[in-house]
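The values are calculated or read from the model by the stated rules, or taken from the named source; none is laboratory data. The structure displayed is predicted, hence computed values, not measured ones. Reconstructed Cβ throughout: ideal geometry from the backbone, glycine too, with neighbour counts over all protein chains shown.
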Amino acid sequence: MTPRRAPSPVDELVASREIVVACGPGGVGKTTTAAALGATAAVRSGAKVLVLTVDPARRLADALRVEGIGNTASRVPAAAFTAAGARAKGELWAAMLDTKQSWDALVRRHAPDRATADQILANPLYQNVTGRFAQSHEYIAMERLYEIHAEGEYDLVVVDTPPTRNALDFLDAPQRMAEFFASGLLRWLVAPSRSRLVSIASRPFYQIADRILGTQFLGDVAEFFLLFQSMYDGFVTRARAVSALMRDPRTTFMVVTTLEAVPALEARQFVAALGERRLHLGLLVANKVLPASFSDPDAAAVAESFESRAHEVAGVLARGEGPELADATLVAQVLQEVGRSFANFERVARREAELLASMSRSHEVTATVPHLRGDVVDLSGLLEIGRHVFGAPG
């Protein structure tokens, strides 16, 4: 009988959580790593997994080879796992946030009645605001995540956030949106619609604004925010619930970075921001790490001999049996360059190891993914990354 595979630390971490929020700098493979985590969890654990991207870039569909990813989740077919040489014990689903569709659903959910919801959706300003208003995309992403989790359809939801700075907006959006709807600015905007009595001090402003922007535009703005204020209680209640979900023991964060100076600095800042917000950081994934061979003392000694004894080694090679070699001087130059290049990589690998050791003190599990040959363009590539992330059994 084949012994049962013991779970790795990442297996145990994922099994104990219902939400994994993937964060990190741009360009470090965060979207791919989030998809790889979800795909590998579906293979190894038998869970029903959803990978949800809130990044405006449409990269998740390319990674999973699923057509038409949108607000409605699409299942990655079992045949795709078979073609990748794997058998999924569970299910893998993928969805991408549709901001407009999600806002429409939110309005219908929080409006006090259908007539108010219809007025909001018909307001000329509505589409502009929901598409471009500060915090619109980030807020609705949190709403959508909360809604999916509350439905309880999935065992695990892996959320792919925008790059680091926007991801902080993603985390803070519910509270900021609630604060806006309770702000003095909102009361000032809706005041003209609440009363025909405009103070003498403010009348000149409205007269100028009417001439520049048009009375209808100001009326649309005031009507929009007045109608939205009717949903204030729902917004505030939901914002508090979303914030609580982020701090819930069922939620953890995964920070993805490379060990280059700038991305690593951004990742450290994000780790600090998570700590300040008392959010659980369960997993750090260092992507595109140099191979361990660059840290091998024996390999370094060989490279050093190539550089320091290049002419001697070239002479031996030139006199040896086998295919005819180029001029010994040219061979020596190549060997010297190989030795110098290896030494440079060895120094970078040593700095990476030191940086990784320093960053690994702030969370439960650290995983490394080496440089892979070629781009990850299919499920097979995602599962290869997943094998590195999940690592060996504990």
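When region 97-122 is examined, which residues are found to be in a loop (DSSP other than H, G, I, E, B) and either within 23 Å of the chain's Cα centre (by Cα) or buried (at least 20 other Cβ atoms within 10 Å of the Cβ) (or both)?
The answer is Leu97, Asp98, Ala111.
Select from region 68-91 the residues that are of a type in the set (Val, Ile, Thr) and within 22 Å of Tyr146 (Cβ to Cβ) and write down the one among them that is surrounded by the most Cβ atoms within 10 Å (Cβ to Cβ). Please lay out each step first, then the result.
Here is the first cut: in region 68-91, the ones of a type in the set (Val, Ile, Thr) are 69, 72, 76, 82.
Filter once more, keeping what is within 22 Å of Tyr146 (Cβ to Cβ): 69, 72.
Values: Ile69: 22, Thr72: 11.
Among them, the one singled out is Ile69.
Mind listing just one residue for me: the one in region 358-383 that is assigned by TED's automatic domain parsing to the domain that holds Ala84 and part of a helix (DSSP H, G or I) and, of those, farthest from the chain's Cα centre (by Cα)?
By that ranking, first place goes to Ser380.
Spot the failing condition for Ala292; the list is (1) at pLDDT 80 or above; (2) among the hydrophobic types (A, V, I, L, M, F, W, C); (3) in contact with a strand residue (DSSP E or B) (Cβ under 9 Å, 6 or more places away or on another chain), and only one is missed.
Just one mismatch for Ala292, condition (1).
Sort through Ala178, Ala94, Ala167 and tell me the only one that's modelled with pLDDT under 70, under 17 Å from Leu52 (Cα atoms) and surrounded by 19 or more Cβ atoms within 10 Å (Cβ to Cβ). Let's see the steps before the verdict.
Working: Ala178 fails: under 17 Å from Leu52 (Cα atoms); Ala94 fails: modelled with pLDDT under 70.
The conditions single out Ala167.
If you check Thr31, Thr40, which single one turns out to be touching an Asp or Glu at 6+ places or on another chain (Cβ under 6 Å), over 21 Å from Ala150 (Cβ atoms), modelled with pLDDT of 80 or more and not aromatic (Phe, Trp, Tyr)? Talk me through it step by step, then tell me what you get.
Numbers: Thr40 fails: touching an Asp or Glu at 6+ places or on another chain (Cβ under 6 Å).
Every option except Thr31 fails the conditions.
Please go through region 284-303 and pick out each residue that is among the hydrophobic types (A, V, I, L, M, F, W, C) and either touching a Gly at 6+ places or on another chain (Cβ under 7 Å) or under 15 Å from Val255 (Cβ atoms) (or both). Show your work before the answer.
So in region 284-303, the residues among the hydrophobic types (A, V, I, L, M, F, W, C) come out as 284-286, 289-290, 292, 294, 299-303.
Across region 284-303, the qualifying residues are Leu284, Val285, Ala286, Val289, Ala303.
Out of region 352-394, which residues are surrounded by 14 or more Cβ atoms within 10 Å (Cβ to Cβ) and charged (D, E, K, R)?
Glu352, Glu364, Asp378, Glu384, Arg387
Which residues, counting only those in region 150-164, are modelled with pLDDT of 70 or more and under 15 Å from Val271 (Cα atoms)? Break it down into steps so the answer makes sense when it comes.
As a first pass, look at region 150-164 and keep what is modelled with pLDDT of 70 or more: 150-162.
Answer for region 150-164, where residues must be modelled with pLDDT of 70 or more and under 15 Å from Val271 (Cα atoms): just Thr161.
Which one of the conditions (1) out of contact with any helix residue (DSSP H, G or I) (no Cβ under 8 Å at 6 or more places or on another chain); (2) not in a helix (DSSP H, G or I) does Pro263 fail to meet, given that it meets all the rest?
All conditions pass for Pro263, except number (2).
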